[in-house]
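Remarks on the structure that follows.
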Amino acid sequence: MIPTLEVSPVDSLLVVSDLSVGYVTKNGLLRAVNEVSFKVSPGDVTGIVGESGSGKTSLANALLALLRPPAISKGRVSFGERNILSLNDDELRKLRWKELSYIPQGSMNSLNPVMRIKDQFSGILQTHLDQAERDRIRRVMEDSLSKVGLDAHNVLDAYPHELSGGMKQRVIIAMAISLGPKLIVADEPTTALDVVTQKDIMTMLAELKKQMGLTLILISHDISILAEICNYLLVMYAGRVVERGRSEDILNSPKHPYTSGLVASIPRLTGEKRVAGIPGEPPDLVTLPTGCAFHPRCKYRMTACVSQVPSSVSVGDEREVACLLYR
Amino acid sequence: MDEPLVLKAEKVTKHFEAKTGLLKRTVIRAVESVDLELHKGEILALVGESGSGKTTLGRVIAGMYSSTDGGVSYFETDTGNAPSLQEKSTKRRFAAQQVQYVFQDPFSSLPPHKKIKSSIYEVLKLYRPKADAKGLEDETKKLLELVGLTPVEQMKEKFPHELSGGQRQRVSFARALAVRPKVLIADEPVSMLDVSIRAGILELMKRLRDGEGLSIIYITHDITTARVISDTIYVLYRGRVVEKGPIDTVVQKPLHPYTVTLISSLPGLTLGSGVHVPGRGAPAAKDRSLRSEPPGIDHCVFYGRCPIAIELCARERPALRGLADGREVACFLAGSETT
Ligand SMILES: Nc1ncnc2c1ncn2[C@@H]1O[C@H](COP(=O)(O)OP(=O)(O)OP(=O)(O)O)[C@@H](O)[C@H]1O
Ligand SMILES: Nc1ncnc2c1ncn2[C@@H]1O[C@H](COP(=O)(O)OP(=O)(O)OP(=O)(O)O)[C@@H](O)[C@H]1O
Ligand code: SF4
Ligand code: SF4
Ligand SMILES: [Mg+2]
Ligand SMILES: [Mg+2]
């Protein structure tokens, strides 16, 4: 590889620039992700929050170069010095699991029901370890299972249906950390789990991050869960990042009207028993509203909002908002 | 509650048999001896983790499952003197009409090839065979209005796939209401919906209680939305009620160790202050099972996970006990400390 003369952003592990994803559908181009840019520094825990269909999974798939036709993507994803989107399959295979791991949405339910955990786990390790390292497989499996709080002796011989949802999710996380990646991207890692298990998994992820010096990107539709462990949040609406900043800043004083609506929608266990929400429905991504995609639901809508797409502007330290109120 | 009872479940038990091997069968004790009372105009939250028996209990109450033991009595609150219906066939018919079930999944619970107006019309027609077409059409529109599917003239012409999840869930409510039930059992009606549109459905349930005097059993694993709309809470654990009472009393100061675990696991953002949670911040058990279960079933259901269990808990099952604040709790230790 020819070293670039351009100074690479040394303090960033991942730099995403103008990333867009579209799907060619029979009704036209569906714009799932629109010109998303952000950076992740080593040790960050970045949360991507947005409601269903806002483009979170499409963004994750694009980040990891997993999209296949009819999906089209453009933009740049720099991981260290490499642009992930221009790597070939072989280069990608070397990167995955060893440098970055991906936990896709619903992966705990995609464990093969007729294979014991040890066979699925070692299968992955075999494809990613060199010949010389293969005698380590058993030890790697045991180590990573114990890191996620599971007893390897019980779990390795089990079939998926013998494990609870929380245990399956731990197995998936054990696989993801097994080859010591720097970055883990987890899409809805706690979604189908009950609150108690959710809390256990989040606590465990935070613990692993500390122990192993991981960098995490966590995707969820639930901002209250992300707020527990993320130091940065990106809020997505209709394929765009509408707000970005430190978690506490966003939660204490949301700037984008969508973010404030979202934060106000969280039901609380104390205080007034009011149910807030955002009127209206999320937009159709094939025929996006003109201007700001949130304008049909926005109570601060101005004339300009209907025709002008708001670009991200800085509104403070590490804080950006894409809303015409902040021009 | 001064309002009359609409239904009362007594010692409702539901077991399933599951094949666990070629010849082996195990009994799944989905619901164990549950007593439940529902009053007119009450929203009762049935809360508990996955597999705790919420849906099964709901289905027994709706007459969709017969109970293994115990039974449900339904009262005709309209007549004032509230005679209970005991005779089996009347009871079934009554349950089928008076108790309507709204399912979790708004994506698969509607007939896909029918316009919204027809899918409601067909339910109306079934229950009011003598009404004329004009009357039924008017009633269809009224129902759409009631559940907030406006503008009605546009909405009634749509097909399910043209609606968002929240709108489809409103159609499910309209279909259930078409039967003019006294009781609605809403099984996780918002858990598949985005937070920003959940509010609308929760508001709708409140409005149905306040405006129409409907009684609602709100099945959920989410204690925060339960608190926002419900009057009463029943906390289920492994098929048994472990704590029940006025929802504010229970939520502000949970006493059963399971309820405590449930609340202390909530994200900080939803908790806020003012909630007294004993042991908040205690480390989570790695595999959530602290000790092995004693053989037999005569022990506390929560024994395996309870952080404060005593020796007695392994050989005796605590019954629900009424406390001065109006709640009942099934734990030997709950309420004994002076906190
Ligand atoms: N393979 C595909 N072909 C066509 N459209 C797609 C495809 N995958 C996703 N989409 C569409 O792209 C949009 C964004 O979907 P995506 O799965 O990225 O959203 P999400 O934010 O992850 O939602 P969820 O919270 O439901 O997981 C949606 O409108 C979806 O229907
Ligand atoms: N038709 C059935 N046959 C066999 N077992 C069943 C059946 N329905 C439920 N069960 C079992 O009964 C128990 C209680 O299940 P139920 O669906 O009532 O729980 P739930 O509280 O509604 O859970 P969830 O929150 O996941 O919906 C579970 O162990 C479940 O596997
Ligand atoms: S740009 Fe306009 S419509 Fe969009 S969020 Fe801001 S104020 Fe609302
Ligand atoms: S009875 Fe014993 S085991 Fe059961 S909840 Fe109370 S203290 Fe825990
Ligand atoms: Mg997704
Ligand atoms: Mg259920």
Which count do you get for residues in the range A:298-327 that are of a type outside the set (S, T, N, Q) and assigned to a loop (DSSP other than H, G, I, E, B)?
15
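Return yes when residue A:143 is more than 14 Å from chain B (Cβ to nearest Cβ) and out of contact with any helix residue (DSSP H, G or I) (no Cβ under 7 Å at 6 or more places or on another chain) and no when it is not. Show your work before the answer.
Values: more than 14 Å from chain B (Cβ to nearest Cβ): yes; out of contact with any helix residue (DSSP H, G or I) (no Cβ under 7 Å at 6 or more places or on another chain): yes.
Yes: the conditions hold for residue A:143.
Please go through the range B:236-250 and give me each residue that is away from ligand 2 (no atom under 16 Å from the Cβ) and surrounded by 24 or more Cβ atoms within 10 Å (Cβ to Cβ), ordered by number. Talk me through it step by step, then tell me what you get.
From the range B:236-250, those away from ligand 2 (no atom under 16 Å from the Cβ) are B:245-250; that's our starting set.
If the condition is that a residue be away from ligand 2 (no atom under 16 Å from the Cβ) and surrounded by 24 or more Cβ atoms within 10 Å (Cβ to Cβ), then B:247, B:250 are the ones that fit.
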For the condition over 16 Å from the mean Cα position of the chain (by Cα) and modelled with pLDDT of 95 or more, what is the one hit in A:185, A:171, A:196?
A:171
For the range A:51-64, does any single residue satisfy the condition of being away from chain B (no Cβ under 14 Å), part of a strand (DSSP E or B), within 13 Å of ligand 1 (Cβ to nearest atom) and closer than 24 Å to residue A:228 by Cα?
no
Scanning the range B:180-212 for residues that are at pLDDT below 90 and more than 14 Å from every other protein chain (Cβ to nearest Cβ), which turns out farthest from residue B:225 (Cα to Cα)?
B:180
Checking residue B:219 against (1) crowded, with 24+ Cβ neighbours inside 10 Å; (2) of a type outside the set (S, T, N, Q); (3) more than 16 Å from ligand 1 (Cβ to nearest atom); (4) without any contact (Cβ under 8 Å) to a residue 40 or more places away in the chain, only one condition comes out false. Which one?
(4)
Selection from the range B:297-339 of residues outside any loop (DSSP other than H, G, I, E, B) and either in contact with a His (Cβ under 7 Å, 6 or more places away or on another chain) or more than 10 Å from ligand 4 (Cβ to nearest atom) (or both) yields B:313, B:314, B:321, B:322, B:328, B:329
Which listed residue, of A:259, A:290, is among the hydroxyl-bearing types (Ser, Thr, Tyr), part of a loop (DSSP other than H, G, I, E, B) and touching a helix residue (DSSP H, G or I) at 6+ places or on another chain (Cβ under 7 Å):
A:290
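What are the residues in the range B:180-205 that are hydroxyl-bearing (Ser, Thr, Tyr), outside any helix (DSSP H, G or I) and either free of Cβ contacts under 8 Å to residues at least 40 places away in the same chain or crowded, with 23+ Cβ neighbours inside 10 Å (or both), if any? Please lay out each step first, then the result.
Narrowing the range B:180-205 to residues hydroxyl-bearing (Ser, Thr, Tyr): B:191, B:196.
In the following step, the residues that additionally are outside any helix (DSSP H, G or I) were identified as B:191.
Across the range B:180-205, there are no qualifying residues.
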Answer yes if at least one residue in the range A:169-192 is closer than 19 Å to residue A:117 by Cβ and within 8 Å of chain B (Cβ to nearest Cβ), and no otherwise.
no
Filtering the range B:15-49 down to residues that are of a type in the set (D, E, K, R) and either within 14 Å of chain A (Cβ to nearest Cβ) or over 22 Å from residue B:317 (Cα atoms) (or both), which residue is nearest to ligand 3 (Cβ to nearest atom)?
B:49
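Is it fair to say residue A:212 is closer than 16 Å to residue A:44 by Cα and in contact (Cβ under 8 Å) with a residue 24 or more places away in the chain?
Working: closer than 16 Å to residue A:44 by Cα: yes; in contact (Cβ under 8 Å) with a residue 24 or more places away in the chain: yes.
Judged against the criteria, residue A:212 is a match.
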Filter the range B:194-235 for residues that are more than 16 Å from ligand 2 (Cβ to nearest atom) and hydrophobic (A, V, I, L, M, F, W, C) and give the result.
B:195, B:197, B:199, B:201, B:202, B:204, B:205, B:208, B:214, B:216, B:228, B:229
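Within the range A:55-62, is there a residue that is touching a residue at least 24 places away in the same chain (Cβ under 8 Å) and over 16 Å from the mean Cα position of the chain (by Cα)?
Initial filter on the range A:55-62 (touching a residue at least 24 places away in the same chain (Cβ under 8 Å)): A:55-62.
From what's left, over 16 Å from the mean Cα position of the chain (by Cα): none.
Checked against the condition, which is being touching a residue at least 24 places away in the same chain (Cβ under 8 Å) and over 16 Å from the mean Cα position of the chain (by Cα), the range A:55-62 yields no hits at all.
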Can you pull out the residues in the range B:28-48 that are crowded, with 21+ Cβ neighbours inside 10 Å and within 13 Å of ligand 2 (Cβ to nearest atom)?
B:30, B:31, B:32, B:34, B:45, B:46, B:47, B:48
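The values are calculated or read from the model by the stated rules, or taken from the named source; none is laboratory data. Note that this is a predicted model, so its numbers are computed, not measured. With ideal geometry, Cβ positions are generated from the backbone for all residues, glycine too; neighbour counts draw on all protein chains shown.
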